[in-house]
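J.: Below you will find the structure I want to go over with you.
The values are calculated or read from the model by the stated rules, or taken from the named source; none is laboratory data. Treat the numbers as computed from the prediction; the structure is a model and nothing was measured. Cβ placement follows ideal geometry from the backbone for every residue including glycine, while neighbour counts extend to all protein chains displayed. Heads up: the accessible areas ignore ligands, DNA and RNA and are worked out on the full protein's heavy atoms, side chains in. Shrake-Rupley method; radii C 1.70, N 1.55, O 1.52, S 1.80 Å.
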Amino acid sequence: VTNTLLSVDRAADEPLYRQVRRALEHGIAVGSLDPEAPLPSSRWLARELGLSRNTINAAYQELQADGYIESRPRSGLFVNREMRPRTSSAPRPHPEPARYDWSARLRPRTDAGLPHIEKQPGWAELPYPFVAGQVDPGQFPAGPWLRALRAALSGPHAHASLRDGVADDDPLLVEMLCRYVLPSRGIEAGPDEVLLTLGSQHGLYLVAQALLAPGSVTAVEDPGYLDARHIFVRAGARVRPLPVDGSGVVPPDDLAGTDLLYLTPSHHHPTNVTLSVGRRRTLLRQVAAGDTIIVEDDYDSEFRYRGSPSPALKALDDTGRVVYLGTFSKFLAPGLRLGFLVADRALVAELRDLRRYMLRHPPGHTQRAMALFISSGDYRRTVRRHRLHLRRKWETIAASANADFGWPVAAPPGGVSLWVTGPPNLDAPALARTALRHGIALDRGDVLFCAADPPRNHFRLGFGAIPHAAIAPGIRLLSTLIPGALR
Ligand SMILES: Cc1ncc(COP(=O)(O)O)c(C=O)c1O
């Protein structure tokens, strides 16, 4: 309250107590007097204004008599609740902000014609969430991960967790990748051939931005990973679809004129077939002849339920042309957003520079915690436990689908989803809509094909997130809905 609110003019004709009263009345009307706080005492205000206490008391008496202020026992004088200005409590109607037409300023999107992978909102609440690319939070090793997060903030680790690394990665995590994670995929790499990413999608984006330009050609598996196509087309590239059969992608006659070949060799996305060794060798010969770069997306390689995981394509490459993408999304959780890329050191240096001006580096705390999670053996234990758990789910979903759907369903022993090809007259997008009304989430398959008029009889059942016990009843319920989705 105060000097600025209350000022009096001793030379004016108006009596001083009336000037004080008018100033207070104004303060009440515009809401500048705090209605929750007591008004200043007459002693304090008299001293502030250089007036007598009687003058102030006279002003307060008039305001009280007129109902502007009220006396509360043992608390003092307050603004009368009913006199509080409306405008201070009632929401003021906002003027509609002016709308700017951004469409005239934004760079046009080259991938505007492509469909999108749609994740069903609220899938976690459904009884039968056959969603792909998600995990069951109950399977996440929360205790060991919390220990790693805590350790990453203590003693010598805190610096690595909290510093601004600018372009650098956590050297301990890079060492753990080179010593333990990459060798399990048959890959030998030095620290300058590794770059940490926010997941394989981030790695793909960096590679596309660095290597592709308008007019570039990228060959992709058809059907294949739709988000990768978005990323290539956004970088200006034209997409060359390559068909896929039971042995993986079918090599074309040659790769001349193809700048980049994107592959998911361990478990083809979305069918989960493994690329045969013969085709791997053919493709490596072709990329050398055509001067094509391979991007190998090894997103869920460890999840092989029979035999041992096939080594990475990168492990066979002696030309330096394979860029390898790995991720912790499938082995731990996609929400962690942590992955890695292995490539020739010259390319890694370039991608590091790109990343530096985009986001510097993935969070240091997550990187150091992951390094400690790997060095403690918790990572190896988690992958082994997940693999066993997922194998049981895979056995259940493969057996249920073959028993209930009414046609044979191929279930290659790997990956975290089942690709289902129904009879030619199945309308899988319609099935997905009906299924949702029955609490079943599944992914339609048509959007994963490159053709403008793709087949509609495929769908994908993820089994990473759904509880094991829900798989068999979910498949049984789904099978009862199939007749209604035949055209
Ligand atoms: C084939 C494939 N690659 C990459 C990703 C994305 O992985 P990340 O979470 O590491 O970006 C996915 C996720 O669904 C995928 O299916």
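J.: Based on C-alpha coordinates, I'd like the Rg and Dmax of the chain, in Å.
T.: For the chain, the Cα-based Rg and Dmax read 33.6, 107 Å.
J.: Further, regarding this structure: If we restrict to alpha carbons, what Rg and Dmax does the stretch 192-341 come to, in Å?
T.: Expressed in Å, the Cα Rg and Dmax of the stretch 192-341 come to 14.3, 43.
J.: Under the classification rounded if a/c is under 1.5, otherwise prolate if a/b is larger than b/c and oblate if not, where does the stretch 412-487 fall, given a ≥ b ≥ c as square roots of the Cα gyration tensor eigenvalues?
T.: Note, shape of the stretch 412-487 comes out oblate.
J.: What's the extension gain from Leu146 to Arg360 if we count 0.36 nm per residue and subtract their Cα-Cα distance?
T.: Stretched out fully, the Leu146 to Arg360 stretch lengthens by 74.6 nm.
J.: On to the next question. Nearest 5 percent is fine: what portion of the DSSP beta bridges confined to the stretch 114-260 is antiparallel?
T.: 20
J.: Hey, what's the chain come to in accessible area per residue, 1.4 Å probe, Å²?
T.: In whole numbers, the chain has 49 Å² accessible per residue.
J.: Within the stretch 240-375, what percent of beta bridges assigned by DSSP are antiparallel, to the nearest 5?
T.: Taking every DSSP beta bridge within the stretch 240-375, about 45 percent pair in antiparallel fashion.
J.: Does anyone have the angle between helix 428-437 and the longest principal axis of the chain? Alpha-carbon axes, 0 to 90°, nearest 10?
T.: For 428-437 against the chain, the angle is about 40 degrees.
J.: Roughly how many Å is it from the Cα centre of the stretch 139-197 to that of the stretch 374-397, as a whole number?
T.: Taking the Cα centre of the stretch 374-397 as reference, the centre of the stretch 139-197 is 20 Å away.
J.: Just in the stretch 97-187: which GluC sites (Glu not before Pro) are loop by DSSP and have at most 13 other Cβ atoms within 10 Å?
T.: The qualifying sites are Glu118.
J.: According to the Kirkwood expression over distinct Cα-Cα pairs, how big is the hydrodynamic radius of the stretch 273-413, in Å?
T.: Roughly 17.9 Å, rounded to one decimal.
J.: For an R0 of 60 angstrom, estimate the FRET efficiency from the Cβ-Cβ distance between Arg476 and Val30 and round to the nearest 0.05.
T.: Using R0 = 60 Å, I get an efficiency of 0.30.
J.: Please compute the volume of the convex hull spanned by the alpha-carbon atoms of the stretch 46-205 and report it per residue in Å³.
T.: In the stretch 46-205, the Cα convex hull volume per residue is 473 Å³.
J.: Would you calculate, for the chain, the mean residue ellipticity at 222 nm contributed by helices, counting each DSSP H stretch of 4 or more residues as -39,500 (n - 2.57) and dividing by all residues, to the nearest 500?
T.: Rounded to the nearest 500, it is -11000 deg cm²/dmol.
J.: Working with all protein chains in place, sort Lys119, Lys314, Lys393 by solvent-accessible area computed with a 1.4 Å probe, largest first.
T.: So the residues, ranked largest to smallest area, are Lys119, Lys314, Lys393.
J.: Between 0 and 90 degrees, rounded to the nearest ten: what's the tilt of helix 378-404 against the longest Cα principal axis of the chain?
T.: Computed tilt is about 70 degrees.
J.: Share of the chain's accessible area from carbon and sulfur, percent, 1.4 Å?
T.: 52
J.: In whole Å, what are the extents of the stretch 186-281 along the principal axes defined by its C-alpha atoms, from largest to smallest?
T.: The Cα atoms of the stretch 186-281 stretch 34, 33, 24 Å along the principal axes, largest first.
J.: Okay, moving on. What is the stretch 264-354 by shape, rounded, prolate or oblate, if you read a ≥ b ≥ c off the alpha carbon gyration tensor as root eigenvalues and call it rounded for a/c under 1.5, prolate for a/b larger than b/c, and oblate otherwise?
T.: oblate
J.: Sort the stretch 217-258 into rounded, prolate or oblate with this rule: let a ≥ b ≥ c be the square roots of the eigenvalues of the Cα gyration tensor; rounded if a/c is under 1.5, and if a/c is not under 1.5, prolate when a/b is larger than b/c, oblate otherwise.
T.: oblate
J.: Using a 1.4 Å probe on the protein heavy atoms only, what accessible surface does Leu106 show? Give it in Å² to the nearest 10.
T.: That residue has around 120 Å² of solvent-accessible surface.
J.: For the full complex of protein chains and a 1.4 angstrom probe, list Arg72, Arg368, Arg10, Arg391 by accessible area with the highest value first.
T.: Sorted by accessible area, descending: Arg10, Arg391, Arg72, Arg368.
J.: Fully extended, how many nm does the chain gain between Ser41 and Arg238 (0.36 nm per residue separation, minus their Cα-Cα distance)?
T.: Contour length minus the Cα-Cα distance gives 63.0 nm.
J.: When the dipole is taken about the Cα centre of the chain, and only Lys, Arg (+1) and Asp, Glu (-1) are charged at their Cβ, what size is it in debye, to the nearest 20?
T.: 1100
J.: To test your reading of the geometry: what angle, between 0 and 90 degrees and rounded to tens, separates the Cα axis of helix 468-481 from the longest principal axis of the chain?
T.: Compared with the principal axis, the helix lies near 80 degrees.
J.: 7 Å from Cα along Cα→Cβ at both Asp66 and Ala469: what's the point-to-point distance in nm?
T.: 7.4
J.: For the pair Arg433 and Val166, what calculated FRET efficiency results from E = 1/(1 + (r/R0)^6), where r is the Cβ-Cβ distance and R0 = 45 Å, to the nearest 0.05?
T.: FRET efficiency, Val166 to Arg433: 0.40.
J.: Excluding ligands and nucleic acids, what accessible area in Å² is computed for Ile374 using a 1.4 Å probe, to the nearest 10?
T.: 10
J.: Could you work out the Kirkwood radius for the stretch 126-220, taking every pair of different alpha carbons, averaging 1/r and inverting it, reported in Å?
T.: 17.1
J.: I need to check one value: relative contact order of the chain, counting alpha carbon pairs closer than 8 Å and at least 6 residues apart, in percent.
T.: Relative contact order of the chain: 18 percent.
J.: Would you mind telling me the antiparallel percentage of the DSSP bridges in the chain, rounded to 5?
T.: Taking every DSSP beta bridge with both residues in the chain, the antiparallel ones total about 55 percent.
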